[in-house]
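A short reminder: the numbers here are calculations on the coordinates, not readings from a lab. As the structure is a computational prediction, the values presented were derived from the model and not from experiment.
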Amino acid sequence: MLSEPHRYCEAFAKAGSNQISIHIEPQYDHLKTLKEIRAMGCKCGIVLNPATEAQSIFHLLDHVDLVLVMTVQPGFGGQAFRKDMIPKISILNEERKKRNLSYRLQVDGGIDTVNAKECHSAGTDTFVIGTAFYKAKDPAFVAATIAGL
């Protein structure tokens, strides 16, 4: 999470990124930044921290390829999944359906084979998995289970 992501998007694009996501929480021109990301030939996304309401990004949903719901407070790996983020996922999924949009709905933070199923039921189609994969006795099982959702 960067406090001024608009200052770094070009560097990421030049380094080879094909998708750049920005957090909604810092104060800057989010729409302008998303448009600049797209103009650089990249897909763009918007990220919500746990305390941020889903409705805070409704005005940007027409402009993104991905919405990432953080299911932990960003900062370090190994945090426990916050089940209270499931309603936020559902809200964003319902808005996607209502407006006939095609953005991916992603979760990141404390994701494992059990809560991934709950997230998928709420509308998630893209998962970021760290600790559950790297600390698993059978990482291939974890990857296959979540990929099969």
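How many Å³ per residue does the convex hull of the Cα positions in the chain occupy?
116 Å³
Convex hull volume per residue, computed on the Cα atoms of the stretch 87-149, equals 71 Å³. Annotation: extensible slack from Arg38 through Phe12 equals 8.1 nm (criterion: 0.36 nm per residue apart, minus Cα-Cα distance). Lysine pairs in the chain whose alpha-carbon atoms fall under 15 angstrom of each other, counting only those eight or more residues apart or on distinct chains, come to 5.
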